[in-house]
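Below: the structure, in structure tokens.
The values are calculated or read from the model by the stated rules, or taken from the named source; none is laboratory data. Since the structure is predicted, the reported quantities are computational estimates derived from the model, not experimental observations. All Cβ positions, even for glycine, are placed from backbone atoms using ideal geometry, and neighbour counts span all protein chains on display. Just the protein is used for accessible areas: all its heavy atoms, side chains included, with ligands, DNA and RNA removed. Shrake-Rupley method; radii C 1.70, N 1.55, O 1.52, S 1.80 Å.
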Amino acid sequence: MEINLNTNFDYQSKRFQEFLFDQSKTFFKSVNTVPTGFSFDSADSRSSNQDADPVQENVIFLVEEEYVVEKGESRTAGDLNGQCVAAGTIEYQGTVKINIVYGHDLDLNLEYLLYIKDNIPSSASSLAKQLFQQFDPKIHGSDIMKWIESQLKDGLTKDMFIVDTISVFEKVSDRIIVDDSQRRSLFRLYCSNEGGVIYDERGERILDYGQWADQENIGCRLIDERLIIGRDEPPQYAEVREYNSGNPPTRQELDSITEELINRVMPPTNNCGTMQRHNQRLLELLEWPEFKIEWKTKIIKIGCSKITISYPVLRTRKSEIVFYAYISVPKNVGVAAFNIAKACAFSSALKGAVVGVVLGNLPLAISTFKISFKDCVEREIKKCIYPGLFTIKEVGPWE
């Protein structure tokens, strides 16, 4: 006789995460595996709510929203659900992806399943089913194994049945927004003057990001949402470096970052002679929120049973993000050509197709920037020039 009244459940499971995301689904039940040599009838089950009230859980999950960033003839601002849009003739499009944290209130129950050994006498099978449905901890006590052993007769022996436990969830709320601060920050950039600052070639503040977006007729609209599974940390890029808040990088550290990034793409023998580098601050975005999920374990008691749960805990932090453009050119090109390259880096990086997506799609922004930059620079230095973007994040603590 095997009686397993306890079970485990992991909220990270793909099937459960898809249940949370799918707004058409209300019930979820763990998969049960029938042991070899035994049979299961759907009638041979009972819910823990016969003996105990369900436990309510609030479970979070991550959803990625994708927006098209557009430059159009006019821009209309609206709510936070995709209505900060460019209108008229669209000059370009790029995509930005942001994360929303949702949750559901769930009732958690357990379901007990009876497996009967194949080819046993019908009298023994009937008694097993009767005892399974009859047991009441309020009457028979909490020791179910002792009680069943005292009831064995009619050819029923302990090896003829197995009792197992699975988890059952019911949504008792609609999808709940737990944290939509990334979405709100995205729209603050495009629909207000509070989201960031643009700097000139000398590093001096010249324009609020929202003013720039308004002048350029930049807008964005929601085109898709998808469930995020298996990502517990924000995405990492070689072009993004983190520093603790209040401790920004020094000039020497910025130069070191630029040198490292250039060396990653520059051939060891470039036949370009001695190179000179330049980097410049372009754009500062304020209080960009980030999320990560930590997984913890807890034990929940339901009636006579216990379920061990692996559950998500949301951690958030606020970052100040500063974008830089950099170039590397031969020293022998002359001052005038070098200044042209610097001006091209600045103008190319502030094109809407670059700045519009740099926040949510850094690889695309870098690729677009390089194309625009090489179209701008003088022909004689085109062969030996290495442009790019990188990001400095001054991050606060995870809370």
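Among the conditions (1) crowded, with 18+ Cβ neighbours inside 10 Å; (2) modelled with pLDDT of 85 or more, Ile371 misses just one, which is (1). Met275 meets each of the listed conditions (1) over 28 Å from the mean Cα position of the chain (by Cα); (2) more than 27 Å from Ile206 (Cβ to Cβ); (3) open to solvent by 70 Å² or more (accessible area, probe 1.4 Å) apart from (3).
Just one residue in the set Ile300, Ile293 is closer than 30 Å to Asp143 by Cβ and not basic (Lys, Arg); that residue is Ile300.
Mind listing just one residue for me: the one in the range 281-293 that is open to solvent by less than 60 Å² (accessible area, probe 1.4 Å) and not aromatic (Phe, Trp, Tyr) and, of those, modelled with the highest pLDDT? Please lay out each step first, then the result.
Of all residues in the range 281-293, those open to solvent by less than 60 Å² (accessible area, probe 1.4 Å) come to 282-285, 288-293.
Remaining after also requiring not aromatic (Phe, Trp, Tyr): 282-285, 289-290, 292-293.
Numbers: Leu282: 82, Leu283: 81, Glu284: 83, Leu285: 78, Pro289: 87, Glu290: 86, Lys292: 87, Ile293: 90.
Of everything passing the filter in the range 281-293, Ile293 is modelled with the highest pLDDT.
When the range 103-119 is filtered for residues that are surrounded by fewer than 19 Cβ atoms within 10 Å (Cβ to Cβ) and touching a strand residue (DSSP E or B) at 6+ places or on another chain (Cβ under 8 Å), the ones remaining, listed by number, are Asp105, Asp107, Glu111, Lys117, Asp118. Note on the range 340-374: residues that are of a type in the set (Gly, Ala, Ser) and in contact with a strand residue (DSSP E or B) (Cβ under 8 Å, 6 or more places away or on another chain) total 9. Of the numbered criteria (1) touching a strand residue (DSSP E or B) at 6+ places or on another chain (Cβ under 9 Å); (2) more than 26 Å from Phe27 (Cα to Cα); (3) of a type outside the set (Lys, Arg); (4) surrounded by fewer than 13 Cβ atoms within 10 Å (Cβ to Cβ), the one Ser122 fails is (1).
Number of residues in the range 144-184 that are within 18 Å of Glu111 (Cα to Cα) and among the acidic types (Asp, Glu): the value is 2.
When you check Gly82 against the structure, is it on the phi > 0 side of the Ramachandran plot and either part of a strand (DSSP E or B) or modelled with pLDDT under 95 (or both), yes or no?
Values: on the phi > 0 side of the Ramachandran plot: yes; either part of a strand (DSSP E or B) or modelled with pLDDT under 95 (or both): yes.
So Gly82 passes the test.
Please find, within the range 300-313, the residue that is farthest from Ile144 (Cα to Cα) out of those that are among the aliphatic types (A, V, I, L, M) and surrounded by 17 or more Cβ atoms within 10 Å (Cβ to Cβ). Before you say what the answer is, go through the steps one by one.
Taking the range 300-313 and keeping what is among the aliphatic types (A, V, I, L, M), we get 300, 302, 307, 309, 313.
Next, from what is left, pick out any that are surrounded by 17 or more Cβ atoms within 10 Å (Cβ to Cβ): 302, 307, 309.
On the way: Ile302: 15, Ile307: 17, Ile309: 24 Å.
Ranking the qualifying residues of the range 300-313, first place goes to Ile309.
Listed conditions (1) more than 20 Å from the chain's Cα centre (by Cα); (2) free of Cβ contacts under 8 Å to residues at least 60 places away in the same chain are all met by Val313, apart from (1). Any residue in the range 214-226 that is at negative phi sitting within a Cβ distance under 8 Å of a residue that is of a type in the set (S, T, N, Q) and open to solvent by 60 Å² or more (accessible area, probe 1.4 Å)? List the pairs, counting only those 6 or more apart or interchain. Correct list of pairs: Gly219/Thr76; Arg221/Gln83; Leu222/Asn81.
Go through the range 227-255 and count every residue that is in contact with a Leu (Cβ under 8 Å, 6 or more places away or on another chain) and touching a residue at least 40 places away in the same chain (Cβ under 8 Å).
The total comes to 6.
Note on the range 48-67: among residues that are modelled with pLDDT under 90 and exposed (fewer than 15 other Cβ atoms within 10 Å of the Cβ), the one that is nearest to Lys292 (Cα to Cα) is Asp53. A search for C-beta distances below 9 Å between a residue of the range 324-345 that is open to solvent by 10 Å² or more (accessible area, probe 1.4 Å) and any residue that is part of a strand (DSSP E or B) and among the aromatic types (Phe, Trp, Tyr), counting only pairs 6+ apart in sequence or on different chains, returns Tyr324/Phe390; Tyr326/Phe390.
Just to be sure I understand, how many residues within the range 14-29 are open to solvent by 40 Å² or more (accessible area, probe 1.4 Å) and either farther than 20 Å from Tyr311 by Cβ or under 18 Å from the mean Cα position of the chain (by Cα) (or both)?
Of all residues in the range 14-29, those open to solvent by 40 Å² or more (accessible area, probe 1.4 Å) come to 14-15, 18, 21-27, 29.
Now narrow it down to the ones that are either farther than 20 Å from Tyr311 by Cβ or under 18 Å from the mean Cα position of the chain (by Cα) (or both): 14-15, 18, 21-24, 26.
Result for the range 14-29: 8.
Output yes when any residue across the range 377-398 is open to solvent by 10 Å² or more (accessible area, probe 1.4 Å), modelled with pLDDT of 85 or more and within 30 Å of Asn8 (Cα to Cα), and no when none is. Yes, the conditions are met somewhere in the range 377-398. Just one of the listed residues (Thr76, Thr95, Thr26) is modelled with pLDDT of 95 or more and more than 25 Å from Ile144 (Cβ to Cβ), namely Thr26.
Just one of the listed residues (Glu294, Glu320, Glu287) is within 30 Å of Leu5 (Cβ to Cβ) and in contact (Cβ under 8 Å) with a residue 12 or more places away in the chain, and it is Glu294.
Would you check if there is a residue in the range 139-150 being touching a Gly at 6+ places or on another chain (Cβ under 9 Å), surrounded by fewer than 19 Cβ atoms within 10 Å (Cβ to Cβ) and of a type in the set (Val, Ile, Thr)? For the range 139-150, residues touching a Gly at 6+ places or on another chain (Cβ under 9 Å), surrounded by fewer than 19 Cβ atoms within 10 Å (Cβ to Cβ) and of a type in the set (Val, Ile, Thr): absent.
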